[in-house]
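All remarks here apply to the structure that follows.
The values are calculated or read from the model by the stated rules, or taken from the named source; none is laboratory data. Every value quoted in this text rests on a predicted model; they were computed, and no experiment measured them. As a convention, Cβ positions derive from the backbone with ideal geometry for all residues, glycine included, and neighbour counts pool all protein chains shown.
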Amino acid sequence: MLNLLLGAALSAALGGTAPSTPVSTPKLELGAARAIVRASVEQAQRDGSGGAIAIVDASGEPLLLERLDGTFAASGQISIGKARTAARFGKPTRVFEELINKGRTAMTALPEFTPLIGGLPLLVDGVVVGAIGVSGGKSADHDEQLALAGVQAFESWRSQRVSLALPAGAKAETASVVHRKAAEVARAFEKGMPLIEVADYKVHASRRDSPGEVEVHATETDIVYVLAGHATLVTGGELVDARKISALETRAKSVRGGEVQALAPGDLVVVPRGTPHWFREVQAPFTYYVVKVISPMEVER
(Lines give C-alpha, C1' and ligand atoms only; values in the text may rest on other atoms or scores of the structure.)
Protein backbone atom coordinates (compact mmCIF):
# COMPACT_ATOMS: atom_id res chain seq x y z
CA MET A 1 0.00 0.00 0.00
CA LEU A 2 2.83 2.40 0.86
CA ASN A 3 4.43 1.82 -2.54
CA LEU A 4 1.20 2.76 -4.31
CA LEU A 5 0.73 5.92 -2.23
CA LEU A 6 4.29 7.05 -2.79
CA GLY A 7 4.09 6.33 -6.50
CA ALA A 8 0.88 8.33 -6.84
CA ALA A 9 2.34 11.24 -4.89
CA LEU A 10 5.17 11.69 -7.38
CA SER A 11 3.45 10.74 -10.63
CA ALA A 12 2.64 14.35 -11.57
CA ALA A 13 6.13 15.59 -10.80
CA LEU A 14 7.74 12.84 -12.87
CA GLY A 15 5.38 13.23 -15.79
CA GLY A 16 3.91 9.74 -15.66
CA THR A 17 1.74 7.33 -13.71
CA ALA A 18 2.68 4.95 -10.95
CA PRO A 19 3.64 1.54 -12.39
CA SER A 20 1.37 -1.39 -11.75
CA THR A 21 2.68 -4.25 -9.65
CA PRO A 22 3.25 -7.43 -11.68
CA VAL A 23 1.57 -10.60 -10.51
CA SER A 24 4.84 -12.53 -10.71
CA THR A 25 8.25 -10.90 -10.62
CA PRO A 26 11.89 -12.00 -10.40
CA LYS A 27 13.43 -11.95 -6.94
CA LEU A 28 16.75 -10.52 -5.87
CA GLU A 29 18.66 -13.13 -3.89
CA LEU A 30 21.33 -12.59 -1.27
CA GLY A 31 24.02 -14.03 -3.55
CA ALA A 32 23.34 -11.35 -6.16
CA ALA A 33 23.27 -8.66 -3.47
CA ARG A 34 26.71 -9.77 -2.27
CA ALA A 35 28.12 -9.56 -5.81
CA ILE A 36 26.73 -6.03 -6.19
CA VAL A 37 28.21 -4.86 -2.89
CA ARG A 38 31.56 -6.47 -3.68
CA ALA A 39 31.80 -4.56 -6.98
CA SER A 40 31.01 -1.23 -5.31
CA VAL A 41 33.47 -1.89 -2.49
CA GLU A 42 36.22 -2.79 -4.95
CA GLN A 43 35.57 0.41 -6.90
CA ALA A 44 35.72 2.45 -3.69
CA GLN A 45 39.03 0.80 -2.80
CA ARG A 46 40.43 1.58 -6.25
CA ASP A 47 39.36 5.20 -5.78
CA GLY A 48 40.80 5.40 -2.26
CA SER A 49 37.37 6.20 -0.88
CA GLY A 50 35.14 5.21 1.99
CA GLY A 51 31.46 4.46 1.58
CA ALA A 52 28.42 2.64 2.85
CA ILE A 53 26.64 0.40 0.34
CA ALA A 54 23.08 -0.79 0.93
CA ILE A 55 21.00 -3.23 -1.09
CA VAL A 56 17.22 -3.40 -0.65
CA ASP A 57 14.55 -5.60 -2.21
CA ALA A 58 11.70 -4.36 -4.42
CA SER A 59 9.68 -3.21 -1.41
CA GLY A 60 12.59 -1.22 -0.02
CA GLU A 61 13.48 -3.60 2.81
CA PRO A 62 17.24 -3.99 3.45
CA LEU A 63 18.99 -7.13 2.23
CA LEU A 64 22.62 -6.18 2.82
CA LEU A 65 24.66 -3.27 4.18
CA GLU A 66 28.43 -2.82 4.23
CA ARG A 67 30.22 0.24 5.61
CA LEU A 68 33.92 0.62 4.83
CA ASP A 69 36.36 1.53 7.57
CA GLY A 70 36.58 5.26 8.20
CA THR A 71 33.16 6.08 6.75
CA PHE A 72 30.98 8.27 8.97
CA ALA A 73 28.43 6.37 11.06
CA ALA A 74 25.25 7.90 9.63
CA SER A 75 26.19 6.81 6.11
CA GLY A 76 24.61 3.41 6.71
CA GLN A 77 21.12 4.78 7.28
CA ILE A 78 21.52 7.31 4.47
CA SER A 79 22.52 4.61 2.00
CA ILE A 80 19.50 2.52 3.00
CA GLY A 81 17.29 5.57 2.50
CA LYS A 82 18.71 6.20 -0.97
CA ALA A 83 18.24 2.56 -1.98
CA ARG A 84 14.70 2.46 -0.58
CA THR A 85 13.74 5.60 -2.50
CA ALA A 86 15.20 4.26 -5.77
CA ALA A 87 13.42 0.92 -5.32
CA ARG A 88 10.00 2.32 -4.45
CA PHE A 89 9.93 4.80 -7.32
CA GLY A 90 11.97 2.84 -9.85
CA LYS A 91 14.16 5.86 -10.62
CA PRO A 92 17.64 7.13 -9.73
CA THR A 93 17.54 9.37 -6.68
CA ARG A 94 19.37 12.03 -8.71
CA VAL A 95 15.98 12.71 -10.34
CA PHE A 96 14.46 13.76 -7.03
CA GLU A 97 17.38 15.85 -5.80
CA GLU A 98 17.40 17.79 -9.07
CA LEU A 99 13.63 18.32 -8.95
CA ILE A 100 13.84 19.64 -5.40
CA ASN A 101 16.71 21.93 -6.37
CA LYS A 102 14.43 23.33 -9.08
CA GLY A 103 11.79 24.20 -6.49
CA ARG A 104 9.72 21.04 -5.88
CA THR A 105 10.43 21.30 -2.16
CA ALA A 106 7.05 19.80 -1.20
CA MET A 107 8.55 16.40 -2.03
CA THR A 108 10.68 16.53 1.09
CA ALA A 109 7.54 15.96 3.18
CA LEU A 110 7.07 12.44 1.79
CA PRO A 111 7.66 9.67 4.38
CA GLU A 112 10.78 7.47 4.17
CA PHE A 113 12.05 9.53 1.26
CA THR A 114 15.75 10.27 0.74
CA PRO A 115 16.15 12.53 -2.32
CA LEU A 116 19.94 12.47 -2.41
CA ILE A 117 22.15 11.41 -5.32
CA GLY A 118 23.53 7.87 -4.94
CA GLY A 119 20.54 5.53 -5.29
CA LEU A 120 19.90 3.41 -8.40
CA PRO A 121 17.16 0.83 -9.08
CA LEU A 122 17.99 -2.76 -10.05
CA LEU A 123 15.86 -3.88 -12.98
CA VAL A 124 15.05 -7.20 -14.63
CA ASP A 125 13.20 -6.80 -17.94
CA GLY A 126 11.99 -3.38 -16.82
CA VAL A 127 10.75 -4.64 -13.44
CA VAL A 128 12.28 -3.29 -10.23
CA VAL A 129 13.69 -6.14 -8.14
CA GLY A 130 15.59 -3.96 -5.69
CA ALA A 131 18.02 -1.05 -5.53
CA ILE A 132 21.46 0.02 -4.40
CA GLY A 133 22.22 3.11 -2.33
CA VAL A 134 25.66 4.54 -1.58
CA SER A 135 26.67 7.23 0.89
CA GLY A 136 30.02 8.41 2.22
CA GLY A 137 32.00 8.53 -1.04
CA LYS A 138 34.14 11.46 -2.13
CA SER A 139 31.12 13.41 -3.37
CA ALA A 140 27.48 12.95 -4.38
CA ASP A 141 28.57 12.13 -7.94
CA HIS A 142 31.09 9.64 -6.58
CA ASP A 143 28.34 7.94 -4.55
CA GLU A 144 26.47 7.45 -7.81
CA GLN A 145 29.58 6.13 -9.56
CA LEU A 146 30.02 3.51 -6.83
CA ALA A 147 26.35 2.58 -7.16
CA LEU A 148 26.76 2.28 -10.94
CA ALA A 149 29.64 -0.16 -10.45
CA GLY A 150 27.21 -2.30 -8.44
CA VAL A 151 24.49 -2.05 -11.10
CA GLN A 152 26.95 -3.17 -13.77
CA ALA A 153 27.97 -6.12 -11.63
CA PHE A 154 24.29 -7.02 -11.24
CA GLU A 155 23.81 -6.98 -15.01
CA SER A 156 26.84 -9.23 -15.47
CA TRP A 157 25.56 -11.52 -12.72
CA ARG A 158 22.24 -11.80 -14.55
CA SER A 159 23.95 -12.59 -17.83
CA GLN A 160 25.53 -15.61 -16.18
CA ARG A 161 22.27 -16.59 -14.42
CA VAL A 162 24.04 -17.06 -11.06
CA SER A 163 21.87 -17.11 -7.92
CA LEU A 164 19.07 -15.00 -9.38
CA ALA A 165 15.62 -16.57 -9.05
CA LEU A 166 13.36 -16.53 -12.08
CA PRO A 167 9.60 -15.93 -12.18
CA ALA A 168 7.38 -18.97 -11.70
CA GLY A 169 7.27 -21.00 -14.90
CA ALA A 170 10.06 -19.03 -16.60
CA LYS A 171 12.69 -20.88 -18.56
CA ALA A 172 16.25 -20.61 -17.29
CA GLU A 173 18.66 -18.92 -19.70
CA THR A 174 22.17 -19.96 -20.60
CA ALA A 175 25.07 -17.53 -20.38
CA SER A 176 24.55 -14.87 -23.02
CA VAL A 177 26.69 -12.48 -25.03
CA VAL A 178 27.36 -9.23 -23.17
CA HIS A 179 27.22 -6.09 -25.31
CA ARG A 180 28.23 -2.69 -24.01
CA LYS A 181 27.27 0.23 -26.27
CA ALA A 182 29.95 2.72 -27.30
CA ALA A 183 28.40 5.52 -25.24
CA GLU A 184 28.42 3.37 -22.10
CA VAL A 185 32.03 2.38 -22.70
CA ALA A 186 33.01 6.03 -23.21
CA ARG A 187 31.31 7.03 -19.95
CA ALA A 188 33.14 4.26 -18.11
CA PHE A 189 36.51 5.50 -19.42
CA GLU A 190 35.72 9.03 -18.23
CA LYS A 191 35.70 7.79 -14.63
CA GLY A 192 37.64 4.53 -14.84
CA MET A 193 35.03 1.89 -14.03
CA PRO A 194 34.29 -1.82 -14.51
CA LEU A 195 32.40 -2.80 -17.66
CA ILE A 196 31.80 -6.47 -16.86
CA GLU A 197 32.42 -8.47 -13.68
CA VAL A 198 31.44 -12.14 -13.50
CA ALA A 199 32.76 -15.22 -11.75
CA ASP A 200 35.45 -16.12 -14.29
CA TYR A 201 36.61 -12.78 -15.68
CA LYS A 202 36.33 -9.00 -15.42
CA VAL A 203 36.67 -6.25 -18.03
CA HIS A 204 37.55 -2.77 -16.78
CA ALA A 205 37.58 0.53 -18.65
CA SER A 206 40.52 1.90 -16.69
CA ARG A 207 41.75 5.46 -16.42
CA ARG A 208 44.62 6.91 -14.42
CA ASP A 209 45.35 10.60 -13.98
CA SER A 210 48.06 10.05 -11.36
CA PRO A 211 50.29 7.24 -10.03
CA GLY A 212 48.67 4.52 -7.94
CA GLU A 213 49.63 2.00 -5.28
CA VAL A 214 51.34 -1.32 -5.80
CA GLU A 215 48.76 -4.08 -6.28
CA VAL A 216 49.09 -7.85 -5.92
CA HIS A 217 46.10 -10.01 -6.93
CA ALA A 218 45.99 -13.55 -5.57
CA THR A 219 43.65 -14.94 -8.23
CA GLU A 220 43.54 -12.40 -11.06
CA THR A 221 45.83 -12.30 -14.08
CA ASP A 222 45.67 -8.79 -15.60
CA ILE A 223 45.79 -8.39 -19.39
CA VAL A 224 46.40 -4.69 -20.07
CA TYR A 225 45.97 -3.00 -23.46
CA VAL A 226 46.91 0.70 -23.59
CA LEU A 227 44.61 3.04 -25.50
CA ALA A 228 45.98 6.51 -24.77
CA GLY A 229 48.66 8.24 -22.72
CA HIS A 230 51.96 7.03 -21.32
CA ALA A 231 52.94 5.44 -18.02
CA THR A 232 55.81 3.75 -16.23
CA LEU A 233 54.87 0.30 -14.94
CA VAL A 234 57.01 -1.52 -12.38
CA THR A 235 56.44 -5.27 -12.02
CA GLY A 236 57.86 -7.63 -9.43
CA GLY A 237 60.15 -6.47 -6.64
CA GLU A 238 59.80 -6.40 -2.85
CA LEU A 239 56.74 -4.74 -1.33
CA VAL A 240 57.25 -1.70 0.94
CA ASP A 241 54.68 -1.16 3.73
CA ALA A 242 52.39 -3.88 2.42
CA ARG A 243 48.85 -4.29 3.71
CA LYS A 244 46.03 -6.69 2.85
CA ILE A 245 42.82 -4.99 1.76
CA SER A 246 40.99 -8.29 1.24
CA ALA A 247 41.65 -12.02 1.33
CA LEU A 248 42.61 -11.85 -2.36
CA GLU A 249 44.43 -8.52 -2.70
CA THR A 250 47.49 -6.89 -1.16
CA ARG A 251 48.64 -3.30 -1.69
CA ALA A 252 51.80 -1.38 -0.89
CA LYS A 253 53.23 2.14 -1.13
CA SER A 254 56.10 1.12 -3.39
CA VAL A 255 58.48 -1.72 -4.27
CA ARG A 256 62.22 -2.23 -4.01
CA GLY A 257 63.66 -3.41 -7.28
CA GLY A 258 61.39 -4.86 -9.93
CA GLU A 259 61.32 -4.48 -13.72
CA VAL A 260 60.57 -1.03 -15.16
CA GLN A 261 58.54 -0.84 -18.35
CA ALA A 262 57.46 2.21 -20.37
CA LEU A 263 53.90 1.90 -21.67
CA ALA A 264 52.53 3.66 -24.75
CA PRO A 265 49.34 3.39 -26.85
CA GLY A 266 49.01 -0.03 -28.45
CA ASP A 267 51.18 -1.81 -25.87
CA LEU A 268 49.99 -5.08 -24.35
CA VAL A 269 51.11 -6.31 -20.92
CA VAL A 270 50.17 -9.53 -19.12
CA VAL A 271 50.69 -9.47 -15.34
CA PRO A 272 50.35 -12.98 -13.87
CA ARG A 273 48.44 -13.40 -10.62
CA GLY A 274 50.61 -12.94 -7.56
CA THR A 275 52.90 -10.45 -9.34
CA PRO A 276 53.31 -6.96 -7.81
CA HIS A 277 52.53 -4.21 -10.33
CA TRP A 278 52.72 -0.46 -9.86
CA PHE A 279 51.91 2.47 -12.14
CA ARG A 280 54.75 4.56 -10.76
CA GLU A 281 54.47 7.44 -13.21
CA VAL A 282 51.52 8.52 -15.36
CA GLN A 283 51.13 11.11 -18.11
CA ALA A 284 47.40 11.85 -17.89
CA PRO A 285 45.00 10.94 -19.18
CA PHE A 286 46.18 7.34 -19.31
CA THR A 287 43.40 4.97 -20.45
CA TYR A 288 43.58 1.24 -20.92
CA TYR A 289 41.48 -1.90 -21.01
CA VAL A 290 42.11 -4.50 -18.33
CA VAL A 291 40.81 -8.05 -18.76
CA LYS A 292 41.12 -9.88 -15.44
CA VAL A 293 41.19 -13.65 -15.84
CA ILE A 294 40.31 -15.29 -12.52
CA SER A 295 41.89 -18.57 -11.54
CA PRO A 296 39.01 -21.05 -11.03
CA MET A 297 41.12 -23.17 -8.68
CA GLU A 298 41.40 -20.44 -6.05
CA VAL A 299 38.19 -18.47 -6.26
CA GLU A 300 35.79 -19.15 -3.42
CA ARG A 301 32.46 -20.39 -4.71
Pairs where the first residue, in segment 181-207, is closer than 17 Å to residue 46 by Cβ and the second is among the charged types (D, E, K, R), C-beta under 6 Å, 6+ apart: 189/207; 192/207; 195/180; 202/292
Unmet requirement for residue 228, which otherwise passes all of (1) hydrophobic (A, V, I, L, M, F, W, C); (2) in contact with a Ser or Thr (Cβ under 6 Å, 6 or more places away or on another chain); (3) within 21 Å of residue 38 (Cα to Cα): (3)
Residue match in segment 68-75 (condition: surrounded by fewer than 18 Cβ atoms within 10 Å (Cβ to Cβ) and under 12 Å from the mean Cα position of the chain (by Cα)): no
Scope segment 126-143; condition surrounded by fewer than 20 Cβ atoms within 10 Å (Cβ to Cβ) and of a type outside the set (Gly, Ala, Ser); matching residues: 127, 138, 141
Residue identified as modelled with pLDDT under 90 and not acidic (Asp, Glu) among 205, 231, 242, 247: 247
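Per-residue answers, yes or no, for (1) closer than 25 Å to residue 27 by Cα; (2) outside the structural domain of residue 45 (by TED's automatic domain parsing); (3) in contact with a Leu (Cβ under 6 Å, 6 or more places away or on another chain):
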residue	(1), (2), (3)
103	no, no, no
112	yes, no, no
116	no, no, no
121	yes, no, no
126	yes, no, no
130	yes, no, yes
139	no, no, no
145	yes, no, no
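Got a sec? Which of 185, 177, 216, 203 is in a helix (DSSP H, G or I) and of a type in the set (Val, Ile, Thr)? Even if it seems obvious, please write down each step before you answer.
Working: 177 fails: in a helix (DSSP H, G or I); 216 fails: in a helix (DSSP H, G or I); 203 fails: in a helix (DSSP H, G or I).
The unique qualifying residue is 185.
Given the condition at pLDDT below 95 and of a type in the set (Ser, Thr, Tyr), answer yes or no: does some residue in segment 171-181 qualify?
Taking segment 171-181 as the starting set, the residues that turn out to be at pLDDT below 95 are 171-181.
Applying the additional criterion that residues be of a type in the set (Ser, Thr, Tyr) yields 174, 176.
Yes, the conditions are met somewhere in segment 171-181.
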Residue within segment 219-233 that is part of a loop (DSSP other than H, G, I, E, B) and not assigned by TED's automatic domain parsing to the domain that holds residue 41 present: yes
